[in-house]
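Student: Mind having a look at this structure? Questions to follow.
The values are calculated or read from the model by the stated rules, or taken from the named source; none is laboratory data. Just so you know, these numbers come straight off a predicted model, no measurement behind them. Please note: Cβ atoms are built from the backbone with ideal geometry, for glycine as well, and neighbour counts cover all protein chains shown. Keep in mind that these areas ignore ligands, DNA and RNA; they rest on the heavy atoms of the full protein, side chains included. Shrake-Rupley method; radii C 1.70, N 1.55, O 1.52, S 1.80 Å.
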Amino acid sequence: QVQPVESGGGSVQAGGSLRLSCDYSGRVLFKKSIGWFRQVPGKEREGVAALYGGDTTYYADSVKDRFIVSQDNGASTIYLEMKNLEPEDTAVYYCALGVFKECPSHPNCLRGSLFGYWGQGTQVTVSS
């Protein structure tokens, strides 16, 4: 079983930036989509960004124009670039891998159920 590993979290002042990374090893035959999710205690996990087929991206309204999801040329590292961070962005962030080349459930393309392999998460804390 593939275990993604997130890194790059930390503490930042409001308005600052962070870049999260998600690494995995070996060939991942099912990797057609990637997603980033976040969760705070007592709340449901929230999809924030996804990339399908290597070129189609989706973002939650709350992060649109502030976050960018991408992957490296070797498709072994996933990134989430975050700028203009707000205290509301504070959460544990998770990356996940999925099998869908295209979003199968428009308009909701950020469902956790669309992704299979999950990392353990990395904490992002944004202070005012």
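Student: Determine, yes or no, whether Ile78 is among the β-branched types (Val, Ile, Thr), at pLDDT below 95, within 10 Å of the chain's Cα centre (by Cα) and part of a strand (DSSP E or B).
Tutor: Taking the combined requirement at face value, the residue satisfies it.
Student: Which of the residues that make up region 89-120 are acidic (Asp, Glu) and either in contact with a Leu (Cβ under 8 Å, 6 or more places away or on another chain) or open to solvent by 70 Å² or more (accessible area, probe 1.4 Å) (or both)?
Tutor: Glu102
Student: Hey, another quick one. Please pick out the residue among Glu46, Glu86 that is more than 15 Å from the chain's Cα centre (by Cα) and either acidic (Asp, Glu) or open to solvent by less than 10 Å² (accessible area, probe 1.4 Å) (or both).
Tutor: Only one candidate qualifies: Glu86.
Student: For region 8-24, what are the residues that are in a strand (DSSP E or B) and open to solvent by 50 Å² or more (accessible area, probe 1.4 Å)?
Tutor: Result: Ser11, Gln13, Arg19, Asp23.
Student: List, please: which pairs have Cβ atoms under 9 Å, are six or more places apart or on different chains, and start with a residue in region 96-125 that is on the phi > 0 side of the Ramachandran plot and end with one that is part of a loop (DSSP other than H, G, I, E, B) and modelled with pLDDT of 95 or more?
Tutor: Gly121/Gly9
Student: Follow-up. Would you point out the residue of region 49-73, among those that are closer than 18 Å to Gly8 by Cβ and in a loop (DSSP other than H, G, I, E, B), that is least open to solvent (accessible area, probe 1.4 Å)?
Tutor: Looking at the filtered set, the residue picked out is Val63.
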